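One structure is given here, and the rest of the page talks about it.
The values are calculated or read from the model by the stated rules, or taken from the named source; none is laboratory data. These numbers were taken from a predicted model, which means no experiment stands behind them. Don't worry about glycine lacking a Cβ; one is built from the backbone with ideal geometry, like all the others, and counts go over all protein chains shown.
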Amino acid sequence: MTTRAIIVRHGQSNYNAQKIIQGRCDKSVLTDQGIADAQRLGQALSELKIDAFYCSPLQRAKQTAETIYPSLTNPPALQSTEQLMEIDLPLWEEMPKQEVISKFANDYRSWKDHPQDFKMMIEGRKHYPVSSLYQQAKDFWSKTIDEHQDATILIIAHNGINRCLIMSAIGIDIDRYHSIQQSNCCINILNFTGGFGDPVQLESLNQTAHLGIPIPPVRPSHSGPRLLLVRHGETNWNKESRFQGIRDIPLNDHGRSQGRKAATFLQNVPIDFAISSSMLRPKETAEIILEQHPGVSLATTAELIEICHGLWEGMLEAQIQADYPELLQQWKDRPETVQMPEGENLQQVWDRGVAAWNKIVAAYSNADTPQTGLVVAHDAINKVILCYLLGLKPNNFWNIKQGNGAVSVIDYPNGVSGKPVLQAINITTHLGGGSIIDKTAAGAL
């Protein structure tokens, strides 16, 4: 059993619309757009049984929560807690963003480039907004998860605190604060396997399809590439939970259907280039998606092929359990320590997957106009790439979920020299009738 945490950002506020810094200022309220999006959000959440409902006391979050409430089925009482307050930026609150950039140029650069060290001097003392918020998020989890084991928790809060909730749960360092996107009324899902400090899976990040926005739009100031990272569709071996690794297993009929659904999902997204693993299942998935993008040719690379499971390939988990019980348990508990019998280890997959990714980013960072590329690969490859982008390590391999046909969106707003922004991770709403929950079979690697 797991404890599911659904984390939502409040709807658009008038300060959001005017690009005014809010922080803990409680003067902003939802716009008409914010209220309409909150109503759509409520409908997207209506399929779920919510066991606990928390929100920030700031009125833009409370108003969002109260708008959602009537759509929920037998919802629990709404609990307001200061542990979900937004980041505290007292010197900048109520100022237009451009004025902050102009008046506090050096501080703003520190805020963007080194958020872990960013500080404000308040009445003669040093205040570290991001570090304080990260601790606030940890305090919320340490209390809340223990109180709601094996339950579904709904949280309505803010951009900054949501980032810190996600980062602190998984173990992402605060220097990645600006690498996680949170759109108004977005949905994030975390799955806790035990108490706070036990392994946590990021099921999805920044879902916006329920708002009529398949993926977050590219920002006007964006100058680098956008990459759409997709896992291949289902195979029969996925469905059977049979380890396939580098066995060249093709898509099954359901996998081809997932490819077509991903193609429809991305049909209005301009795609300039496409690259896939050289294996059949990602290659066919990419080709199906590109049917909506005539004129875009597909390149393939062996660097993006799946992890080689060696002697495990072709075996069901029950068979591996019988023949390799200790190694299988080690793979589940400490995957970074496992050398697959006559196969690869995670560090080898990490090295070639990250190298391939960085080559792609570098190749498309110097174009005259920002390029959008499709990259289709495998479960293990996608997980190590996403871990790398979040500043994680091979031991965090199981913290990231990748469903068959899922879409993740990564931006490089400043090109290859800047940090990436994870705009969305493991979006599967196009595959399961609009459900916000990943219902793909996923299966063995």
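Taking the conditions (1) among the hydrophobic types (A, V, I, L, M, F, W, C); (2) farther than 30 Å from His10 by Cα; (3) part of a loop (DSSP other than H, G, I, E, B) in turn, Cys185 satisfies each one other than (2).
Considering region 39-81, the residues that are over 24 Å from the mean Cα position of the chain (by Cα) and β-branched (Val, Ile, Thr) include one that is farthest from Ile155 (Cα to Cα), namely Thr73. Considering only residues in region 61-99 that are in a loop (DSSP other than H, G, I, E, B) and of a type in the set (Ser, Thr, Tyr), the one that is farthest from Gly42 (Cα to Cα) turns out to be Thr81.
For Asp150, state whether it is assigned to a loop (DSSP other than H, G, I, E, B) and more than 12 Å from the chain's Cα centre (by Cα). In short, yes. With respect to the stated conditions, Leu205 is under 19 Å from the mean Cα position of the chain (by Cα), in contact (Cβ under 8 Å) with a residue 40 or more places away in the chain, part of a strand (DSSP E or B) and closer than 30 Å to Arg40 by Cβ. When Cys185 is tested against (1) touching a residue at least 40 places away in the same chain (Cβ under 8 Å); (2) more than 19 Å from the chain's Cα centre (by Cα), just one condition goes unmet, and that condition is (2). Which one of Ser241, Ser257 is at pLDDT 95 or above, out of contact with any Pro (no Cβ under 9 Å at 6 or more places or on another chain) and not hydrophobic (A, V, I, L, M, F, W, C)? Checking each option against the conditions leaves just Ser257.
Every residue, every condition in (1) of a type in the set (Val, Ile, Thr); (2) modelled with pLDDT under 95; (3) buried (at least 23 other Cβ atoms within 10 Å of the Cβ), yes or no:
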| site | (1), (2), (3) |
| --- | --- |
| Asp117 | no, no, no |
| Glu123 | no, yes, no |
| Leu133 | no, no, yes |
| Lys138 | no, no, no |
| Ile161 | yes, no, yes |
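Every residue in region 338-352 that is of a type outside the set (Val, Ile, Thr) and over 23 Å from the mean Cα position of the chain (by Cα), please. Passing the criteria: Gln339, Met340, Pro341, Glu342, Gly343, Glu344, Asn345, Gln348. Helices (runs of 4 or more DSSP H) fully within region 275-337 that include at least 3 residues being under 28 Å from the mean Cα position of the chain (by Cα) and more than 30 Å from Ala363 (Cα to Cα): 325-333. Filter region 1-42 for residues that are in a helix (DSSP H, G or I) and under 30 Å from Pro199 (Cα atoms) and give the result. Passing the criteria: Leu41, Gly42.
Of the residues in region 21-31, at least one is exposed (fewer than 15 other Cβ atoms within 10 Å of the Cβ) and on the phi < 0 side of the Ramachandran plot.
Here Asn191 meets the list (1) touching a strand residue (DSSP E or B) at 6+ places or on another chain (Cβ under 6 Å); (2) within 17 Å of Gln423 (Cβ to Cβ); (3) not in a loop (DSSP other than H, G, I, E, B) almost entirely, failing just condition (2). So, His309, is that one over 15 Å from Val375 (Cα atoms) and either crowded, with 16+ Cβ neighbours inside 10 Å or aliphatic (A, V, I, L, M) (or both) or not? Taking the combined requirement at face value, the residue satisfies it. Any chance region 128-147 includes a residue that's assigned to a helix (DSSP H, G or I), within 21 Å of the chain's Cα centre (by Cα) and among the charged types (D, E, K, R)? Yes, region 128-147 has at least one match. What do you reckon, is Gly403 in contact with a helix residue (DSSP H, G or I) (Cβ under 7 Å, 6 or more places away or on another chain), of a type in the set (Gly, Ala, Ser) and in contact (Cβ under 8 Å) with a residue 40 or more places away in the chain? No, not satisfied.
When region 228-258 is limited to residues that are touching a helix residue (DSSP H, G or I) at 6+ places or on another chain (Cβ under 8 Å) and acidic (Asp, Glu), the one that is farthest from Glu203 (Cα to Cα) turns out to be Asp248. Restricted to region 353-445, the set of strands (runs of 3 or more DSSP E) holding at least 1 residues that are in the same structural domain as Pro270 (by TED's automatic domain parsing) and more than 18 Å from the chain's Cα centre (by Cα) comprises 372-377.
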